[in-house]
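Engineer: Have a look at this one before I ask anything.
The values are calculated or read from the model by the stated rules, or taken from the named source; none is laboratory data. Note that this is a predicted model, so its numbers are computed, not measured. Ideal geometry is used to build each Cβ from the backbone, glycine not excepted, and the neighbour counts take in all protein chains shown. All accessible areas refer to the heavy atoms of the entire protein, side chains included, with ligands and DNA or RNA removed. Shrake-Rupley method; radii C 1.70, N 1.55, O 1.52, S 1.80 Å.
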Amino acid sequence: MATPQPAQRVDLRDLYRVIRWFISIRWVATIGVPLTLVTAQFILKIELAYPALYGTAGFLGMINLVYSLLHWRNADRHWTVNHYTALFHVQILVDYLVLLLLVYFSGFLENPFIYFFVFHVLLTSFIFPPAIMWMYVVGLMMLIAAVTSAECLGWVPHFTLSDVSLVSYCSNALPRSAGLCATLAISAYLITSIRLRIEAKGRAIEIELNRYKNLDRIKSNFILQVTHELRGPIAAVSGYHDMILRGITGEIGDKTASSLQKAERRTTNLLTIIDEMIDYAYMRSESESRYRWTEIQVDRSLTEMVDKHLTHAQGRRISIQVDCEPGLTIQSNRDLFDITLGNLINNAIKYSPADTTITVSAHRDGEDIKLQVSDQGYGIEADQLEQIFEEFYRTRHARELERDGTGLGLPIVKRAVESLGGRIRVYSEVNRGTRFDIWLPRDEQHQDSVEERDIETHSHH
Ligand code: ADP
């Protein structure tokens, strides 16, 4: 999580964007200025210092070409914020000079285009901290005052736009320059205060978001602790059930055995639920970067995982087949890999009738491996297929079949697969079976970016 940006810092992306923007605006000016000049010279037939004006426009085009080349060559390279900031300051100063020359040679305060200075003030206030922006604004005001004074004192010639005498130009100079300066100052003030307000809001939101994330982490850790505490005693109870059932503690009658078997089934279900909650809380409290990556022998992992579920499956007269490409290995996280496979196999057993087969397979698929867990079970209705990955969601049918269940299994699988950089798809047909396809990158380098991860659901009807 990025820490909130202090208001004083210049953001490289903003700067980069504004520079590109300025370059485009300057290209418009490079074409627009000569066009305006041609119109003034040949159509409106206004007397102006044309050589100086065309020269300035040419200079603008040339310098903008230099900026474009610099910008284009150094984009995404080793230029830092400081380089860009320096380049931007140079650009602003040169722009001021160019605009000043253009309006100076075409009437200065008489020329309405002198208000174009406002654009620069607006854009610089987006980028720079208020102090620097005000320096520019005050500098600009002083420059305008200096040129006006020099014109009226006769130190530099005044190039009139509308044939007014110097006396009448100078008698209007004070209100005109005051109006211009006030416009510059007000624009700067407005933009700066809007920007500071937006930034303050952004920071407040970020702080709030971090607070919620923290609370969420605390909650997950709490669940993790509580479920861990619960697991120990319940596992012990299950162990004692087992001992009594095996007759280790002495002979027991059939009735006792039958009741105890029921108790044991419920205890095992409870343990499964607790394990799911532990996995879920673990996934929520752990950040992806903390997962350890190791080499996994897919063949062995699959067989081990199937063996773990064999008693459960046999108890329901369900057989499990493993079909794995020999020698297949992936770089992945063992915990997440096991959680994924374990949950899918467990679901396949839970939601299949007796005398059916579950197939677990793994094959190479380009840079990925493709894992498949398919069953010949009850299937999932098409309209519920989207929801099964949601937390605590259980289908109606599932609730009827299995009283105990959390609806956390598939959300855990989804998170695990995402953390491993993979993707998951489900295909299902009611009363025919369900198949989960998972693609996992074979090594860390080929992990997809977050944007590309997806879940797809498919149903055959
Ligand atoms: P739980 O199994 O605890 O209900 P899950 O998150 O593992 O929760 O699964 C969500 C729902 O998806 C289940 O309630 C069930 O309806 C459905 N489901 C998952 N796997 C299968 C499957 N192999 N066959 C049929 N339905 C399934």
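Engineer: At 0.36 nm per residue, minus the direct Cα-Cα distance, what do Gln297 and Asn82 gain on full extension? Give it in nm, one decimal, please.
Structural biologist: 72.4 nm
Engineer: I've got another one for you. Could you tell me which of Phe222, Ser171, Gly250 has its Cα farthest along the dipole of segment 160-253 towards the positive end, charges placed at Cβ (Lys, Arg +1; Asp, Glu -1), taken about the Cα centre?
Structural biologist: Most positive-ward Cα: Ser171.
Engineer: Can you tally the net charge around Val167? Count Lys and Arg as +1, Asp and Glu as -1, for every other residue whose Cβ sits under 15 Å from the Cβ of Val167.
Structural biologist: -2
Engineer: Also, I was wondering about something else. Check which residues have an amide H placed less than 5 Å from Thr356's amide H, if you skip close sequence neighbours.
Structural biologist: Ser319
Engineer: Let me ask another. Tell me, what is the per residue accessible area of segment 155-305 in Å², probe radius 1.4 Å?
Structural biologist: About 66 Å² of surface per residue is accessible.
Engineer: How much length is gained if the chain between Arg265 and Met142 is pulled fully straight, taking 0.36 nm per residue apart and subtracting their Cα-Cα distance, in nm to one decimal?
Structural biologist: Additional length available on full extension: 35.5 nm.
Engineer: Please compute the contact order of the chain in relative form: average sequence separation of alpha-carbon pairs under 8 Å and at least six residues apart, divided by the residue count, as a percent.
Structural biologist: Reported relative contact order: 10 percent.
Engineer: Next question, about the same structure. Taking a Cβ-Cβ separation under 4.7 Å as the criterion for a possible partner, which cysteines of the chain have none?
Structural biologist: So far as the 4.7 Å Cβ criterion goes, Cys181, Cys324 stand without a partner in the chain.
Engineer: Want the number for Asp11 to His228: 0.36 nm per residue separation, take away the alpha-carbon distance, what's left?
Structural biologist: Between Asp11 and His228, full extension yields 73.6 nm more.
Engineer: Please determine, in degrees from 0 to 90 and to the nearest 10, the orientation of helix 117-127 with respect to the longest principal axis defined by the Cα atoms of the chain, where the helix direction is its Cα long axis.
Structural biologist: Helix 117-127 and the main axis of the chain meet at about 30 degrees.
Engineer: Now for a separate question. In the chain, carbon and sulfur make up what percent of the accessible area (probe 1.4 Å)?
Structural biologist: 59 percent
Engineer: Another question, then. How much area per residue is accessible in segment 311-399 when the probe is 1.4 Å and only protein heavy atoms are counted (Å²)?
Structural biologist: Using a 1.4 Å probe on heavy atoms only, each residue of segment 311-399 averages 45 Å².
Engineer: I've got another one for you. How far is helix 166-245 tilted, in degrees, relative to the longest principal axis of the Cα atoms in the chain, given as a value from 0 to 90 rounded to the nearest 10?
Structural biologist: 10 degrees
Engineer: Tell me the label-point distance for the pair Ala182, Ala150, using the 7 Å Cα-to-Cβ offset, in nm and rounded to one decimal.
Structural biologist: Computed distance between label sites Ala182 and Ala150 equals 2.7 nm.
Engineer: A further question on this structure: Give the range of the longest stretch in the chain that excludes all trypsin sites (Lys or Arg not before Pro) found in loop regions by DSSP and having at most 10 other beta-carbon atoms within 10 Å.
Structural biologist: With a cap of 10 other Cβ atoms within 10 Å, the longest stretch comes to 78-245.
Engineer: Can I ask one more? Helix 334-350 sits at what angle to the longest principal axis of the chain, using alpha carbons and giving 0 to 90 degrees rounded to 10?
Structural biologist: 50 degrees
Engineer: Could you put Glu367, Glu151, Glu386, Glu110 in order of accessible surface area, largest first, with the 1.4 Å probe and the full protein assembly present?
Structural biologist: The ordering from most to least exposed comes out as Glu386, Glu367, Glu110, Glu151.
Engineer: May I pose another question? May I ask you to derive the FRET efficiency for Leu166 and Leu35 from their Cβ-Cβ distance with R0 = 45 Å, giving the value to the nearest 0.05?
Structural biologist: Taking R0 as 45 Å, the efficiency between Leu166 and Leu35 is 0.95.
Engineer: Moving on. Explain nothing, just compute: Karplus ³J(HN,Hα) = 6.51 cos²θ - 1.76 cosθ + 1.60, θ = phi - 60°, for every residue of segment 435-442 in order, whole Hz, x for Gly and Pro.
Structural biologist: 9, 9, 10, 10, 10, 10, x, 6
Engineer: Can you give the % of DSSP beta bridges in the chain that are antiparallel, to the nearest 5?
Structural biologist: Here the share of antiparallel DSSP bridges comes out near 70 percent.
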